[in-house]
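The values are calculated or read from the model by the stated rules, or taken from the named source; none is laboratory data. What you see is a predicted model, and the numbers here were worked out from it, not measured in a lab. Backbone-built Cβ (ideal geometry, glycine too); neighbour counts: all protein chains shown. SASA here: full protein model, heavy atoms, side chains in, ligands and nucleic acids out. Shrake-Rupley method; radii C 1.70, N 1.55, O 1.52, S 1.80 Å.
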Amino acid sequence: MNGFKTQTSILAMVLACVFAAWSYLFYQHKQMTSQPMSTMWMPPSEPLAWGFIDFALVYFMWAVMMAAMMLPSAIPMILAFARVCRQQNKALYQLTGLFSSGYLGIWLLFSTVLTLLQWQMHGLAWLTPMMNSQNLISAAGILFLAGFYQFTPIKNACLMHCKTPMGFLLNEWQDGAAGAFKMGLKHGAYCIGCCWAQMLIMFAVGVMNLLGMALITLLVILEKTLPLQAKHICNGVGVVFIAWGIALLIV
């Protein structure tokens with residue numbers, strides 16, 4: 001019974017973070033669609049015109065998006081980590097918090113890469129001031145990249161780690177607070193190896209496209225939880241992405 005209460009409380013805390021992140025994204029989307037363009041902040045089209053506040057706002061947007069989109073898929077791993085801590089009578093909440101922080105920290109670091117990519121895409125006129133794609137070639141290229149990456153051995157290997165929480169914990173376990181944080185970092189690194197190309201698809205569908213965010217989030221969750229071999233899932237999704245890119249060019 002105590003184990004059930006513990007798992008439920010940890011799940012509730014993770015879901016609260018996810019809910020807060022999605023609420024902010026919905027608020028931002030509403031602001032973008034309801035305010036006059038003359039009163040709205042938009043990323044500058046010229047790279048040299050970007051100031052600190054522009055980088056900070058774009059980074060914060062991506063950081064919240066990564067929390068909203070990737071934390072749900074990490075719930076099985078976080079709960080498995082908490083269960084092992086409880087069985088070993090360790091400081092469950094502290095260590096689980098450190099593990100989750102390490103995982104999320106890797107995605108926050110990746111948000112810096114996405115921010116710099118967006119900065120360059122505005123300069124190349126691949127994105128509109130509203131952060132929508134305005135170049136079919138670049139959008140199709142992103143989909144082809146994401147599709148072909150699905151067939152690579154590194155994608156398959158990283159997904160296998162993400163699909164087997166107990167296997168990851170048995171092979172990568174490290175004791176103590178530092179160990180929990182390092183394990184979170186390592187799991188986050190595997191997760192980025194699995195999903196980084198899928199995150200780039202947001203540049204193709206529109207950076208603040210809520211439906212796109214939701215569908216990619218669902219795809220990531222299904223990849224990690226479907227009871228199918230990782231290779232089959234990767235190949236199936238890869239075919240869909242490539243077909244999508246071809247359809248863009250044809251239309």
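In region 186-198, which residues are open to solvent by less than 40 Å² (accessible area, probe 1.4 Å) and closer than 15 Å to residue 103 by Cβ?
Our first condition is that a residue be open to solvent by less than 40 Å² (accessible area, probe 1.4 Å); within region 186-198, this holds for 187-188, 191-195, 197-198.
Listed by number, the residues that qualify are 187, 188, 191, 192, 193, 194, 195.
Residues in region 101-112 that are of a type in the set (Val, Ile, Thr), crowded, with 16+ Cβ neighbours inside 10 Å and free of Cβ contacts under 8 Å to residues at least 60 places away in the same chain: how many? Steps first, please.
So the first thing to find is which residues in region 101-112 are of a type in the set (Val, Ile, Thr), and the list is 106, 112.
From what's left, crowded, with 16+ Cβ neighbours inside 10 Å: 106.
After this cut, where a residue has to be free of Cβ contacts under 8 Å to residues at least 60 places away in the same chain as well, the list is none.
Looking only at that region, the number is 0.
Is there a residue in region 44-53 that is surrounded by 13 or more Cβ atoms within 10 Å (Cβ to Cβ), in contact with a Leu (Cβ under 8 Å, 6 or more places away or on another chain) and modelled with pLDDT of 85 or more?
no
Residue 136 is checked against (1) closer than 27 Å to residue 90 by Cβ; (2) in contact with a Leu (Cβ under 9 Å, 6 or more places away or on another chain); (3) open to solvent by 40 Å² or more (accessible area, probe 1.4 Å) and fails just one. What number does that condition carry?
With respect to (1) closer than 27 Å to residue 90 by Cβ; (2) in contact with a Leu (Cβ under 9 Å, 6 or more places away or on another chain); (3) open to solvent by 40 Å² or more (accessible area, probe 1.4 Å), residue 136 is out only on (1).
So, in region 149-197, exactly how many residues are more than 19 Å from the chain's Cα centre (by Cα) and farther than 23 Å from residue 92 by Cα?
The number of residues fulfilling the criteria is 3.
Exactly one condition in (1) aliphatic (A, V, I, L, M); (2) modelled with pLDDT of 95 or more; (3) open to solvent by 50 Å² or more (accessible area, probe 1.4 Å); (4) over 30 Å from residue 184 (Cβ atoms) is not met by residue 145; state its number.
Here residue 145 meets the rest and fails (4).
Determine whether residue 174 is in contact with a Lys or Arg (Cβ under 6 Å, 6 or more places away or on another chain) and farther than 25 Å from residue 231 by Cα.
Yes.
For region 59-74, check the following and say yes or no: at least one residue is open to solvent by 30 Å² or more (accessible area, probe 1.4 Å) and under 22 Å from the mean Cα position of the chain (by Cα).
yes
Quick one: is residue 98 open to solvent by 30 Å² or more (accessible area, probe 1.4 Å), touching a residue at least 12 places away in the same chain (Cβ under 8 Å) and part of a helix (DSSP H, G or I)?
So residue 98 fits the description; yes.
Among the residues of region 163-185, is any surrounded by fewer than 20 Cβ atoms within 10 Å (Cβ to Cβ), over 30 Å from residue 60 (Cβ atoms) and of a type in the set (Ser, Thr, Tyr)?
Looking through region 163-185, at least one residue is surrounded by fewer than 20 Cβ atoms within 10 Å (Cβ to Cβ), over 30 Å from residue 60 (Cβ atoms) and of a type in the set (Ser, Thr, Tyr).
Can you name the number of the only condition in (1) more than 25 Å from residue 201 (Cα to Cα); (2) surrounded by fewer than 18 Cβ atoms within 10 Å (Cβ to Cβ); (3) at pLDDT below 90 that residue 33 fails?
With respect to (1) more than 25 Å from residue 201 (Cα to Cα); (2) surrounded by fewer than 18 Cβ atoms within 10 Å (Cβ to Cβ); (3) at pLDDT below 90, residue 33 is out only on (1).
So which residues in region 199-218 are outside any helix (DSSP H, G or I) and either crowded, with 21+ Cβ neighbours inside 10 Å or out of contact with any His (no Cβ under 8 Å at 6 or more places or on another chain) (or both)? Break it down into steps so the answer makes sense when it comes.
The initial filter retains those residues of region 199-218 that are outside any helix (DSSP H, G or I), namely 206-209.
Answer for region 199-218, where residues must be outside any helix (DSSP H, G or I) and either crowded, with 21+ Cβ neighbours inside 10 Å or out of contact with any His (no Cβ under 8 Å at 6 or more places or on another chain) (or both): 206, 207, 209.
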